[in-house]
Amino acid sequence: MPFGFGRSVLGRSASAVANTFAGYDGSNDATITRSAAWQDIIGFAAFNSEYGVLVNATNNGSNDQVAYDVVRNNSGSLSITDQQNVIINTGVATYNNKGGLVAPLQNGTLMYDPRDTAVSTVQLFSISGATVSHSTGASQNRSFHNTPVFVSRTDDSDGYNNIDYEKTGETIQTSAQFASGTPTVSTESESNVSLAHSNRCIPGFVDNDTPFWLNSTDSGATVQPFKIDLGTGGAQSPTTFTGTPTTAQTVAQFNTANSTSFGTPFEFNRNGTSPFNTVAFNDIAILVRHETGSSPNKFIFDTYKAGDSAVQRSNIVTLSAGASGETSGTGCFVGATNDVFLFAFYDVPNTRVIVLKYIQSTNTASEVVNFVEDLTARETVRLHRWGDNGALMSYGTTKLRLIQA
């Protein structure tokens, strides 16, 4: 599909539907502690507003396991109703293939794609009442993307886009919803231009075939939105939006004007859960930067909404406590529109879990959650979107927090 000529599929803009998470401050959240530890969270997906499946990797001596929990949101009360259902015995003592995909399918089931050479089939989950069942499905056939954004295609009953944070993507068709047969995968489309912020942007969509990212061709000195066409296979030169310049201020100009130097954006490369679930949901690309230096406690958000004349740069957020020298984060949209985005990370030196909120319609960023928690490990905070009503945050090896407006 040529750029700029496809029918836009974006029908849920922030101006059309109010987002109840605009005032989110963490005060209504609920937290529980799992009765046994996981080694790492792979991902989460929800059947509905009440039940979802959390897939984890667990240390089990010489035979590490992949298992799932059934998680319930009972009118704001969080619980695990069925814990540690083993679905894969890996046969290795240090299982490190935790970049798999956990996602909802259009027929109401959920999938876990391990992307593991030792496990050749997709794992499927279905629900009847409060009972979740597991089965194995079709052979894997999507490309190996370590950082997947797997989203359904609008007006396509069995079509999905599988893209990553590195300007690479493909379309997938599967009439059996991965239950049987081999999905049909398009030729992979990818940027052939060296871009500065690989792994570091939440992408948006113009239409089914046109994802875009905020990126740079000059080592990050300026930022522009670039898009690729999933209808064209192979390497391609990404294009900019017509009439859209670089940011009004270059990064250097912004740093000078604010007496603070903001460095390379955070990576989003450790999450098996998409920050949104349908192409039609999101037309915004997001970069999150933190200041450089020995005690980096300031943050900004660079964003671009498809069709706008310029990239937006938010206000500067100064943390109430803690800092971050980390390069990996996690994030997802919350609410019925893509107006509110939550970003979280673990501050290792100060043992703090920190969550920031960005509101696109007002271009404002703020700190909403900041608490001490000794997780003993890096990059163990994950945000998972849970429909229009909230999100799930997993952190450490036992903690789950229900995020709600």
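General observations
- Checklist (1) touching a residue at least 60 places away in the same chain (Cβ under 8 Å); (2) crowded, with 20+ Cβ neighbours inside 10 Å; (3) under 22 Å from PHE343 (Cα atoms) applied to HIS145, failing item: (1)
- Under the condition of being under 16 Å from PHE343 (Cα atoms) and part of a loop (DSSP other than H, G, I, E, B), the residues counted in segment 380-405 number 3.
- Selected residue (criterion: modelled with the highest pLDDT) from residues of segment 272-306 that are over 26 Å from GLY43 (Cα atoms) and among the hydroxyl-bearing types (Ser, Thr, Tyr): TYR304
- Out of THR187, THR210, sole residue that is buried (at least 23 other Cβ atoms within 10 Å of the Cβ), closer than 30 Å to GLN123 by Cα and touching a strand residue (DSSP E or B) at 6+ places or on another chain (Cβ under 8 Å): THR210
- SER309 vs. criteria modelled with pLDDT of 90 or more and among the small types (Gly, Ala, Ser): no
- Within segment 39-53, residues that are without any contact (Cβ under 8 Å) to a residue 60 or more places away in the chain and farther than 19 Å from SER75 by Cα have Cβ atoms under 9 Å from residues that are part of a strand (DSSP E or B) and not small (Gly, Ala, Ser) in no pair, counting only partners at least 6 apart in sequence or on another chain.
- All of (1) surrounded by fewer than 20 Cβ atoms within 10 Å (Cβ to Cβ); (2) not in a strand (DSSP E or B) hold for PRO275 with one exception: (1).
- Pairs meeting the criteria (first residue in segment 330-350 and at positive phi, second residue buried (at least 23 other Cβ atoms within 10 Å of the Cβ), beta carbons under 6 Å, at least 6 apart or on different chains) are GLY335/PHE21.
- The numbered conditions (1) touching a strand residue (DSSP E or B) at 6+ places or on another chain (Cβ under 8 Å); (2) crowded, with 17+ Cβ neighbours inside 10 Å; (3) closer than 26 Å to ALA45 by Cβ; (4) among the β-branched types (Val, Ile, Thr) are all true for VAL317 except (3).
- Residue within segment 72-81 that is under 14 Å from SER394 (Cβ atoms) and either among the acidic types (Asp, Glu) or surrounded by fewer than 21 Cβ atoms within 10 Å (Cβ to Cβ) (or both) present: yes
- Odd one out for LEU195 among (1) under 22 Å from the mean Cα position of the chain (by Cα); (2) of a type outside the set (Ser, Thr, Tyr); (3) part of a strand (DSSP E or B): (3)
- Where SER180 falls short, out of the listed (1) hydroxyl-bearing (Ser, Thr, Tyr); (2) under 21 Å from PRO114 (Cβ atoms); (3) not in a loop (DSSP other than H, G, I, E, B): (3)
- Conditions (1) over 18 Å from TYR346 (Cα atoms); (2) hydroxyl-bearing (Ser, Thr, Tyr); (3) modelled with pLDDT of 90 or more: number failed by THR242: (3)
- Test result for THR210, among the β-branched types (Val, Ile, Thr) and at pLDDT 95 or above: yes
- One residue stands out among those in segment 249-271 that are under 16 Å from PRO203 (Cα atoms) and modelled with pLDDT of 90 or more: the one that is surrounded by the fewest Cβ atoms within 10 Å (Cβ to Cβ), which is PHE266.
- Restricted to segment 141-163, and to residues there that are closer than 22 Å to ILE87 by Cα and either touching a Pro at 6+ places or on another chain (Cβ under 8 Å) or of a type in the set (Gly, Ala, Ser) (or both), the residue that is modelled with the lowest pLDDT is ASN141.
The values are calculated or read from the model by the stated rules, or taken from the named source; none is laboratory data. The model shown is predicted, which means the values in this text are computed figures rather than measured ones. Every residue, glycine as well, gets a Cβ built from its backbone with ideal geometry; the counts of neighbours run over all protein chains shown.
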